[in-house]
Structures are given as structure tokens and as C-alpha cells.
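**Student:** What follows is a structure written as C-alpha cells; I'll ask about it next.
The values are calculated or read from the model by the stated rules, or taken from the named source; none is laboratory data. The structure displayed is predicted, hence computed values, not measured ones. We place every Cβ from the backbone using ideal geometry, glycine too, and count neighbours over all the protein chains shown.
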Amino acid sequence: MNMWLSHHWHAFFLALQRLVDSPLASLLNIIVIGVAFSLPTGVYMLLGNVQSFSGQLSGAPQLNVFLKLGTGKDAIEKLESHLKQHPQIENFRFLSKDKALEQLKQRNGMAGAVNSLTRNPLPDAFIIDAKSISPETLKRLRNEMLKWPESMHVQLDSDWMERLNVLLKLGQIALLILTALLSFALIVVTFNTIRLQILTKRNEIEVSKLIGATSNFIRRPFLYFGAIQGVAGGAIAWLIVALVINLINSELMNLVHLYAVDFQLHHISFEDSISLLLFSSWLGWAGAWLSVASHLWQIEP
């Protein structure tokens, strides 16, 4: 076990030494990786912020359950109890027909029409906010509420949410394609970097093979080199996105004040940040492994 750890520590520090020996080339490679990965990271951050903000909009879709005329107080209380226990309902409020008529009366030009009524034609209603704002969940809730015996009509205006959901899905597909292309580019960059190192150390590798060095022993420093470059590039991507967020938020505040909304861009979460570093490190490792594997068989003594 101690020997295994010693080999890995030696390979790790040898990889660091190779980075230090060619600082300019290493820095340029890391910056290229960081800039490339900042694009999908920024798109991912933007999609997450838009999706989060859509749930905070005042126009978020609500379910309006209009009760049948003549629904008694006991039935309304029973329905309230059922709504409190419903697992998919975040909150709700009861709007009595008298209060609804009063609100209608306060609208411009409606007072005369309301005063001319001999009776209140409006039904009692529940205004419901669901825990999920996905169109599928809302439609499923609507169909369920239509089957309630007290329900006369359930109104759901989710057309704008469906359009937003389609745009978000298109954005996610574009993000996957962009990530795949740039991941391939990262592997190619690492592949070529390791290839140049192998060519400059070809004689050293051949001698090591002759005296009994295993392929894993020779491969290990190159793998650590690729992984270190990858994780450093991921960190640069994180910093680029953080800088862009700060620059945009300073100007975005002036815009959101004009529309009286509370919105600002938030960076990716801690878990997503760790995933970014691990993924970029793995891509660097994969590029290094492919490069070493493709050249080791050529220099077998």
C-alpha cells in the first residue's frame, strides 16, 4: 500500500514539475480549456436562473376551482381539509362569491353594472398554487379537480408556461450538444499536449521499458498531467462565469428596478461546481490516456 501511494505521489509531483517547466504553454492550454468550458457552464447557469425565475413570476399559472352554485359551508370546509393534505398543492386561498363581487365592483367601469344586479351570479372559488409548475403536473391536477363533486369548472392558463418549457428543453438540447463538442475539443487539446511530451521523452521512455518499467508506471505521470490541466481549466471556467455574472448583475439591477421585479443571476451551486471540476479533470485524464495508449505500443522495445 505504501509503495502504491509512493508511486502515485511521485507521478503527481512529476506532473506538477512538467507544468512548471513549461509555464507559458501550460498556462495557454489551461486558458483555452477554461474559455471552452465557460460557454456550456454559462449556458447551464442561465437556464437554471431562467427556470428558477419562472416560478417566482406573478403570472405563474394557478388553478382556479369554481364551485357549483349552492355549495354548502360543510362541503367547502371538507374541500379545504382535502386541499391541506394534498401532496402536490403548495398553498391555496378561498375566494367567496361576495368578496369576488366586491373586487369586481372596484374595477373601473364595473360599479354601475354590479349595482344593477338583483343577485350575486358569481360562484365561490379556490385559487391554488401547485408545488410543481410543469405543464404535465398542472394538467393532471386540473383533471383531478374536475372530478370533484363540488367542482363546476377549473381554469388553468398555462400556455405561456408550455412555451417557456419548450424553450428550456431546446436550451438543454443545445447545452448537451455544446458540451459534447467542447469536451471533444478538450480531449484533442490534451491529446496533442501529451503527444508532444511523449515525443520529447521518447528515449527516456524506451530506456525505462528496457529496464522493466511497466506501462502503468510510464503512463501515470502523463495521466496526472492531463487531469491537473483539466481541473485547472474547469476552475478558470468557473472564475470566468463568476466574473461575467458580477458584470451583468451590476447592469441588470437598473433594468429590474424599472419593472419592479426581484431578479439577479446566481452562480451554479456548490454541487454543480464540484461536478464541473471533476468532469473537466476526467476529460483531461481521458485525453492523456488516449494519447499515451496510442504511442506506447509504437515504442515497445
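**Student:** Hey, could you check the range 117-173 for residues that are β-branched (Val, Ile, Thr) and closer than 28 Å to GLY42 by Cα and say which is modelled with the highest pLDDT?
**Tutor:** Ranking the candidates gives ILE173 first.
**Student:** Looking at ILE198, ILE194, ILE274, ILE187, can you tell me which residue is modelled with pLDDT of 70 or more, assigned to a helix (DSSP H, G or I) and in contact with a His (Cβ under 6 Å, 6 or more places away or on another chain)?
**Tutor:** ILE198
**Student:** Any residue at all in the range 47-69 that's at pLDDT 80 or above and exposed (fewer than 14 other Cβ atoms within 10 Å of the Cβ)?
**Tutor:** Yes - at least one qualifying residue is present in the range 47-69.
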